[in-house]
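Here, each number is a calculation from the coordinates, and none is a lab measurement. None of the values given here were measured: they were computed from a predicted structure. Note that each Cβ is placed from the backbone with ideal geometry, even for glycine, and that neighbours are counted across all protein chains shown.
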Amino acid sequence: MTNHEIKISFQEYNSLKELDTNDQELCAEATKAMKNSHSPYSKFRVGAALRLKSGKIIVGSNQENVAYPSGLCAERVALFYWGANYPDDPIGSMAVTAHTDEFVLQKPVTSCGSCLQVLAEYEKKQGDAVKVILFCKDGPVWVANGIESFLPFLFFEDRLK
């Protein structure tokens, strides 16, 4: 038997004010995007913003549907929009935030496994890691470089090309 250990690394900031101006702007765009969330069932609004290497920012918000599997997370809305419209302009960073009136979020909410897998695929496609910023109102800010900090066992099979 061989024992293996996986360690992840991320930075925690006390507030958005500790981030540089570009990251603060990206977080503000994610917060604005959250306002376009269609979440009448969960009442859990999520916003995502991607900053492309060109400087362009694109956004997404979660979109629910009464037929639950038909909805889509904010991260995938933004990532698929990027893939369909700007695939040659690599993603540099992504900010994600969430809010609900039902309770207070005391720490950032991480992306679901499906969203992480999509981000992993796009990181591989562009050949570069994406800086991920997770935050919530009045809570800490988590910053990680690359998807492996969130999903260390990525699903990839190079023969599936």
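Legend: calculated FRET efficiency, ALA67 to ASN22, from the Cβ-Cβ distance at R0 = 35 Å, rounded to 0.05, equals 0.35. Stretched out straight at 0.36 nm per residue, the stretch from PHE153 to THR110 would grow longer than its current Cα-Cα span by 13.9 nm. Packing, as the average of other Cβ atoms within 10 Å across residues, places the peptides 102-110, 133-141 in the order 133-141, 102-110, highest first. Cross-linked pairs LYS43/LYS124; LYS56/LYS124; LYS32/LYS131; LYS7/LYS56; LYS17/LYS56; LYS35/LYS124: Cα-Cα separations exceed 28 Å for LYS43/LYS124; LYS7/LYS56; LYS35/LYS124. Mean residue ellipticity at 222 nm, helices only, the chain: -8000 deg cm²/dmol; runs of at least 4 DSSP H residues each add -39,500 (n - 2.57), and the sum is divided by the number of residues. For the range 90-161, a/c is not less than 1.5, where a ≥ b ≥ c are the root eigenvalues of the C-alpha gyration tensor, and a/b tops b/c. That puts it in the prolate class.
Here r is the Cβ-Cβ distance between ASP128 and ASN14 and R0 is 30 Å; the resulting FRET efficiency, rounded to 0.05, is 0.55. For the options PRO87, PRO40, PRO69, a Gaussian network treatment of the chain with springs between C-alpha atoms closer than 10 Å singles out PRO69 as fluctuating the most. Run a plain Debye calculation on the chain (Cα atoms as equal point scatterers, no solvent) and give log10 I(q)/I(0) at q = 0.10, 0.15 Å⁻¹, rounded to two decimals, same order as the q list. With no solvent term, the Cα-only Debye profile gives -0.36, -0.80. Note on the range 26-147: with charges restricted to the Cβ of Lys and Arg (+1) and Asp and Glu (-1), its dipole about the Cα centre is near 160 debye. Could you tell me the distance between the Cα centroids of the range 86-130 and the range 1-79, to the nearest Å? Using only Cα atoms to place each centre, the spacing works out to 5 Å.
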